1. Over all Cα pairs of the protein assembly as shown, how is the pair count split among 20 Å bins, expressed in % and running from 0 up to the last occupied bin?
2. Which order do B:ILE100, B:ILE268 take by accessible area at a 1.4 Å probe, largest first?
3. Using only the Cα atoms of the range B:355-465, build the gyration tensor, take square roots of its eigenvalues as a ≥ b ≥ c, and label the shape rounded, prolate or oblate: rounded if a/c is under 1.5, else prolate if a/b is larger than b/c, else oblate.
4. Please give, to one decimal in nm, the separation of the simple spin-label points placed at A:ALA13 and A:VAL202, each 7 Å out from Cα toward the Cβ.
5. Just to be sure I follow the definition: excluding the sites themselves, where is the longest run in chain A that has none of the trypsin sites (Lys or Arg not before Pro) in a DSSP loop with at most 13 other Cβ atoms within 10 Å?
6. Once you sort the root eigenvalues of the Cα gyration tensor of chain B as a ≥ b ≥ c, which label holds: rounded (a/c under 1.5), prolate (a/b larger than b/c) or oblate (the other case)?
7. Collect residues whose amide H, placed 1.01 Å from N in the peptide plane, falls under 5 Å from the amide H of A:VAL20; neighbours closer than 5 in sequence don't count.
8. Explain nothing, just the number: dipole magnitude of the range B:73-187 about its Cα centre with +1 on each Lys and Arg Cβ and -1 on each Asp and Glu Cβ, in debye rounded to the nearest 20.
Amino acid sequence: MSIEVRGLTIRYAGTAQPAVRDLDLEIGKGELTTLLGPSGSGKSTTLRCIAGLERPDQGTIRIDGQIVCDAARGIWIKPEQRRLGMVFQSYAVWPHLSVFDNIAFPLRILGVERSRMRRKVEEVADLVGLAEFLGRPATKLSGGQQQRVALARAIVFEPRAILFDEPLSNLDAKLRERMRREIRSLQRRTGLTAIYVTHDQVEAFAISDRIAVMNDGRIQQIGTPQEIYARPNSAYVADFLGAANILTGRYTTEAGRTKLAIPSVGLAIDLDLDVDAKSTDSATGLVALRPEDVQVLPSAAGTAVETSVREVEYLGRNLSLTLESAGTELRAFVSPEPVPSIGQRLWITASPNAVVHLGPATPREDRQGS
Amino acid sequence: MWLISERMPAALLAILVGFLVLYPLFWVVEASFRTSILDRTYTLVWYGKVFVENSAPTVELFYHTVVLALGSTLLAVVVGVAAALLVARTDMPGRGAFTIVFLSPFFLTPMITAVSWTLLASPRIGLYNDLLRWVLRLDALTGPLDIYSEGGMIWVLGLYLSPYVYLFTSAALRSLDPSLEEAARMSGASAGGTLFRVTLQLVRPAILSSALLALILSFGQWGVPAILGVPVRTYVLTTAIWSNMAAWPTQREYAAVLSVALLVAAFIFVWAQRRALSGRSFVTVTGRGFRAPAVALGRWRWPIAAAAWSFTVATGVMPLAALVYASVMSRWTTSLRLDLLTLRNYTGLASLEPQAFVAIANSLGLSVLGATLAISLSLFVSLCITRERGPLARILDYVAMLPVSVPSVVFAVGLLMAYLRPPLVLYGTPYILILAYVTLFIPVGVRASTSALSQIDPALEEAARMSGAGPIRRLAMVLVPLIRPGLVAGWVLIYISLMKEVSSSILLGSPSVPVNATVLWSLWSLGAYGAVASFEVLCTVVMAVVAAVVLAVANRSAFQVGSRP
């Protein structure tokens, strides 16, 4: 393990809830792990604890086996001695220094000899595409270029890992996608261990080896992007990753076949495949139905349920419909033609493969899923 | 680490600043209860003397103090707000030049403004009185104006304080989101209606805050009542304290009781100011470069401009002009007499007052040193306040702001009482002045460096930390270069204030360490108008030249971009 966090807890003065509670996290060498969650979920705080910019109340943090923080034993290595690179949301490029001096700063601190420093800075600048900007004042750069300066500064001194704190959220959408790809390819080429904090699930899916979805100061689920998307372990994760319809289902077994009934909508689905035993061993459980997996039919057919159209939003590639059945609202994505009218009757059904089983309902998840 | 995030430095700074402020004040309070300087027993007899035996003069003293403070504050608010509105919200011609002229008296000490006004509005020799007698065809030899009066003091002090109100109000007006006013216009309000019902209401916190600041400053003001009140035996608390401390026979216990009274009054006003402002945000700042819509004055444009310019020339330019004129005349005259032109006031200054040039050198050295020490100490205080979470930061902030509520005269009395005795005898040395200067101007320095620091994204320092820089290198390589413009501005502000300082210098300066204030007072006591004028012109020139040089050097090298090695 390159970075290992155990039992991390931090509480800010004047707040009832800890910002991070009893968090465990292991990050392998050369891996890019993303901490994904909404604001206030504790992802940045966790990152800043690893960086050393926040001091946790409890827990241990190891980097390459070295204990940098052990609250119980009072061990605390200052951030400037941890040898970690960090890229900040605001870039934090120093306006009083040139591009060269910004990138060279960590090497100056290390007392690297001049000609070696110059070689190293040029090499890194080349890597991030800043070679011809080295003599410029840092303030004369665009947002994307400033972010490259920050990136170069974070890797120039060969840190043990690199930490990204929402590095792209100040860039416009197009540049964000390009920088995302560049960061990923740079990280692969250098083989640096990386932790990446973001609230954007698309960014997280695109960039990560593994994603840790955070909620209320805890990791709700950790896994590869594919695992997290296909098998969310809770209504919270399913909802955060794609605004899913979270519903309560009842499982019944008749003649060896499991059936799922969703009473609030009136749907009944034949689960002819094997469902995780864990998910269905209780009679009721939460299920997620993604809007793109709701099948919408123009007329009654089979077990399809009648609904009426409440809202229609045009999203370009498709339409987002809000459908109502027996007082419950459901979202569904359909092709942009034809556009249904408000109040029109439509019928819905769902294929058994599309249903995500989230396991037994807890009151907590009910609240968040709604 | 020891600098920035451990508790130790914050606690040590709080103790140091607390000691600097409170130790002298302790001896003021102690003296007010002491039987006499030789008798270490405690008594209420001095309070009895002040408030019972001498109740009639004491009541009069408080009456004059309160009338002067309230009157000058009211005048400052009216003049300052009117000027701010004209400049920030109308299309009056020549607003830029008007601002410069309007703010120019700010660079003189109010004591010298008072001297200038005696040239304009003395009953017998005042230029304005001459003019008025001629215009109104009066036969009398004196009047109609008399600057040596309560009204005269209010006039001079109110005008001196109006730039404070102007600066606060115009800053608030400039940062006001113009759409708030546009919304009023779209809702059907006239330009005037918008001004009174929206604009002025929105900047009310700024006006209130500057008014309370003016009130605090006028309570502690020594120079104006010394020049204009003392000759006609109209005393306020500050001049009464000073005369009890400085004039033979000294009555230090009597002065101590009056000091305690002034201190209590000042604390009440500062408390009121904090209360009035607590929980109230200033104005909505957009952060965009909107030009606020100007109110078109229409056919009133030129009459209003003429009135505003006449007022500011008559009250701001004329006193200065009279002062410079007096400095090159062998005697004061209200007519233009080229035959009286002379440089004797300058060349003869040293023979009239042998300490004049020593005093200017002393003031310059003490001001430069005092400003440098105050801004350095303030930088560390601000670092602790902005970095530290929790109660310690609040305590430090509170302690560092304490000198705001301590009138300079009272603080000087405290220093005299604290450092006239062993173990540390500092009276007669420059150290007692440095102590006063640094302590009294910590709040100015802390405000300057805190606002500079709070504009710095914390990530800029964190990035340096992540790059391996320890506290000293973070300070030297990142923080100080980034906030240097703010630190320089704070330094210049403190330096100018110290060159003008009279309220504490008058008591703390001594024959062995003369400063501008003591020389000015001795020249004034001699009645040497020409020498007073030439001395003040010299002081102002020295002050301005040094400030200009510092600003030029600092701005030229600010944000100089490091080159490729």
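1. In whole percents, the pair-distance histogram is 11, 31, 29, 19, 8, 1, 0.
2. B:ILE100, B:ILE268
3. The shape class here is prolate.
4. Each label point lies 7 Å from its Cα, and together they span 4.2 nm.
5. Free of exposed loop sites, the longest segment is A:74-316.
6. Cα axes put chain B in the rounded bin.
7. Residues meeting the amide H criterion: A:ILE10.
8. I would put it at about 160 debye.
The values are calculated or read from the model by the stated rules, or taken from the named source; none is laboratory data. Being a predicted model, the structure only gives us computed values, none of them experimental. Using ideal geometry, Cβ is built from the backbone for each residue, glycine included, and neighbour counts are taken over all protein chains shown. All accessible areas refer to the heavy atoms of the entire protein, side chains included, with ligands and DNA or RNA removed. Shrake-Rupley method; radii C 1.70, N 1.55, O 1.52, S 1.80 Å.
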